[in-house]
Amino acid sequence: MTTDIVRYLTHPQVQIDPDMPVPQWGLSAVGRARTETVAQASWLANTTQIISSGERKAIETAGIIAGPLGIMIEIREAMHENDRSATGFLKPAEFEEVADQFFARPHLSVRGWERAVDAQARILGEAEAVLARNRPGDVLFVGHGAVGTLLYCHYAGHPIDRIHDQPTGGGHVFGFARQGRRVLHPWRRMEEIEA
């Protein structure tokens, strides 16, 4: 008996535009090329549902993968990245500093950002709502690094901690068995997943 696998994929590299709201950023040429390569990967063959965040970079990633599989993507707006609109765009060094605090103080709002515990409850609720439908086949969620890490922490039984964050660059996947929600592997580059 095969076990249906649920995977969470973070969008790869984006085109950074400080003058545009972050949710409207699209994939960079590198991010798009990486996704086009992975769209042919054998580990995606049993995927029957692709569920995307409503942010442009996630939708673009999901769309590239859905094409060869002949699947329509489902967009769930509440799968968005942690709400950072209070600060808007932050330069990389400052962003990393605030992101560290976001994970280190999950019950507090850091500079007006959504609290990590709230973002975790939101992304978990979205994942479980989809899985409750119990449709056959593998499920691919396409989203973001911070909420993906919060989801991973929940299913892996870890406290919220940035030590469990995906490596830099995006385009990473963790997987778990739908039955029992057992984590099968932590973050791996999407190019390095095996079927």
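Candidates 99, 119, 129: the one that is under 24 Å from residue 9 (Cβ atoms), touching a helix residue (DSSP H, G or I) at 6+ places or on another chain (Cβ under 6 Å) and either aliphatic (A, V, I, L, M) or surrounded by fewer than 20 Cβ atoms within 10 Å (Cβ to Cβ) (or both) is 119. Inclusion of residue 135 among residues that are among the basic types (Lys, Arg), under 19 Å from residue 25 (Cα atoms), out of contact with any Pro (no Cβ under 9 Å at 6 or more places or on another chain) and not in a strand (DSSP E or B) is not warranted. Residue pairs whose Cβ atoms lie under 9 Å apart, separated by 6 or more positions or on different chains, with the first residue in segment 87-116 and of a type in the set (Phe, Trp, Tyr) and modelled with pLDDT of 95 or more and the second surrounded by fewer than 13 Cβ atoms within 10 Å (Cβ to Cβ) and outside any loop (DSSP other than H, G, I, E, B), are 103/163. Among residues of segment 13-40 that are of a type in the set (Phe, Trp, Tyr), those with a Cβ under 7 angstrom from a residue that is surrounded by 12 or more Cβ atoms within 10 Å (Cβ to Cβ), sequence gap 6+ or separate chain, pair up as 25/14; 25/15; 25/17; 25/56; 25/57.
Using the structure shown, decide if residue 81 is of a type in the set (D, E, K, R) and crowded, with 20+ Cβ neighbours inside 10 Å. Criteria met by residue 81. The single condition among (1) touching a helix residue (DSSP H, G or I) at 6+ places or on another chain (Cβ under 7 Å); (2) more than 24 Å from residue 114 (Cα to Cα); (3) crowded, with 18+ Cβ neighbours inside 10 Å that residue 5 does not satisfy is (1). Within segment 136-153, the set of residues being surrounded by fewer than 17 Cβ atoms within 10 Å (Cβ to Cβ) and farther than 22 Å from residue 64 by Cβ comprises just one member, 136. Residues that are within 24 Å of residue 124 (Cβ to Cβ), surrounded by 15 or more Cβ atoms within 10 Å (Cβ to Cβ) and of a type in the set (Gly, Ala, Ser) within segment 36-71 comprise 52, 53, 58, 62, 66, listed in sequence order. The condition of being in contact (Cβ under 8 Å) with a residue 12 or more places away in the chain, part of a loop (DSSP other than H, G, I, E, B) and not β-branched (Val, Ile, Thr) holds for only one of 181, 122, that being 181. Give segment 42-59 a look and list any residue that's of a type outside the set (Val, Ile, Thr) and under 16 Å from residue 11 (Cβ atoms), or say none. Answer for segment 42-59, where residues must be of a type outside the set (Val, Ile, Thr) and under 16 Å from residue 11 (Cβ atoms): 44, 52, 53, 54, 55, 56, 57, 58. Checked against (1) at pLDDT below 95; (2) more than 24 Å from residue 101 (Cβ to Cβ), residue 173 passes all but condition (1).
Does residue 74 satisfy the criteria of being in contact with a strand residue (DSSP E or B) (Cβ under 6 Å, 6 or more places away or on another chain), of a type in the set (Asp, Glu), closer than 27 Å to residue 180 by Cβ and surrounded by fewer than 21 Cβ atoms within 10 Å (Cβ to Cβ)? Here the answer is yes, as residue 74 does meet what is asked. Here is the figure for segment 77-117: residues that are among the aliphatic types (A, V, I, L, M), in a loop (DSSP other than H, G, I, E, B) and closer than 18 Å to residue 21 by Cβ total 2.
The values are calculated or read from the model by the stated rules, or taken from the named source; none is laboratory data. The structure displayed is predicted, hence computed values, not measured ones. Cβ sites come from the backbone with ideal geometry, for glycine too, and all protein chains shown count toward neighbours.
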